[in-house]
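Below you'll find the structure, written out as structure tokens, and then a few comments.
The values are calculated or read from the model by the stated rules, or taken from the named source; none is laboratory data. Quantities reported herein were computed from a predicted structural model and do not represent experimental measurements. For neighbour counting, all protein chains shown are included, and Cβ atoms are generated from backbone atoms with ideal geometry for every residue, glycine included.
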Amino acid sequence: MKEKLIVIIDYNLGNLFSVKHACDHVGLNTVTSNDVELINKADALILPGVGAFGEAMNNINELDIKESIVNRAKEGVPLLGVCLGLQLLFEESEEFGHQEGLGLLAGSVKRLPSSSSDGQKFKVPQISWNTIHGESKPWSSTILNSVDDGEYFYFVHSYYVSPSDESEILCTTEYAGIKYCSGIMKNNIIAVQFHPEKSGEKGISVYRNWAIQNDLI
């Protein structure tokens, strides 16, 4: 059987090495690239990222890869988003003014509050281990198949996604007095706010589950 090709999309703003290392560890055949031809023939795509939403979209537009990413996702190619990669899938962000995203998921990206309703102060960005919790979707058939409710994962972010369709929420996390979406799944698109590749063996299992469930290894 022909080995499947997974492209980790390089738009000059991401945690590329650690994502590739995690993928290699579970046996995925990955290449890090922003080459349109590779994206167009990939069997699956990973959209990682750390940094500002607007800069990321500017890079994606300048590299002329937005159309390819959107088209491949709409064709049903498995797409995994990580951290900023989750946020970029949405229609818009309020980071540094209004910014347009890839528009594959309905909803927006909002800033984490620096204080809760009772006046408690919180650091933004959130740089810490935090727990994830199940919502409407059962985890048994998802990339969180081997993860327990309340499992800790590593987060680094100042913004969070607010999906228009709450039925697409895979998991939630609480911070700064709010409960926000930390994972989402819609058909072939699945994405998480936390960093599985920096979250130990449970995090590695997220990549392994994604690979197995999409017949990539």
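Has the range 112-123 got any residue that is touching a residue at least 40 places away in the same chain (Cβ under 8 Å), more than 25 Å from Leu45 (Cα to Cα) and within 18 Å of the chain's Cα centre (by Cα)?
Yes: one or more hits.
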*Is it the case that the range 40-59 has a residue that's in contact with a helix residue (DSSP H, G or I) (Cβ under 6 Å, 6 or more places away or on another chain), in a loop (DSSP other than H, G, I, E, B) and at pLDDT 95 or above?*
yes
*Which one of the conditions (1) surrounded by 17 or more Cβ atoms within 10 Å (Cβ to Cβ); (2) among the aliphatic types (A, V, I, L, M); (3) not in a loop (DSSP other than H, G, I, E, B) does Val70 fail to meet, given that it meets all the rest?*
(1)
_Among the residues in the range 194-204, are any among the small types (Gly, Ala, Ser) and under 24 Å from Gly107 (Cα atoms)?_
no
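When you go through Glu174, Glu151, Glu201, Glu197 one by one, which is the residue that is under 17 Å from the mean Cα position of the chain (by Cα) and of a type in the set (Asp, Glu)?
Glu197
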*Gly103 being outside any loop (DSSP other than H, G, I, E, B), within 15 Å of the chain's Cα centre (by Cα) and within 30 Å of Leu216 (Cβ to Cβ)*: no
*Working only within the range 152-162, note down all residues that are in a strand (DSSP E or B) and surrounded by fewer than 18 Cβ atoms within 10 Å (Cβ to Cβ).*
Tyr152, Tyr154, Val156, Ser162
*Output the residues belonging to the range 130-151 that are part of a strand (DSSP E or B) and not β-branched (Val, Ile, Thr).*
Asn130, His133, Gly134
*Within the range 73-97, work out how many residues are among the hydrophobic types (A, V, I, L, M, F, W, C) and either out of contact with any helix residue (DSSP H, G or I) (no Cβ under 8 Å at 6 or more places or on another chain) or part of a loop (DSSP other than H, G, I, E, B) (or both).*
7
_Matching residues in the range 163-176 - criterion: being exposed (fewer than 15 other Cβ atoms within 10 Å of the Cβ) and free of Cβ contacts under 8 Å to residues at least 40 places away in the same chain_ = Glu166, Ser167
*Answer with yes or no whether Lys179 is outside any strand (DSSP E or B), more than 19 Å from Gln213 (Cα to Cα) and either of a type outside the set (A, V, I, L, M) or out of contact with any Pro (no Cβ under 8 Å at 6 or more places or on another chain) (or both).*
no
*Note down all Cβ pairs under 6 Å where the first residue falls in the range 138-151 and is loosely packed, with under 12 Cβ neighbours inside 10 Å, the second is assigned to a loop (DSSP other than H, G, I, E, B), and they're at least six residues apart or on different chains.*
none
*So which of Ser136, Ser141, Ser164 is of a type outside the set (A, V, I, L, M, F, W, C) and at pLDDT 95 or above?*
Ser164
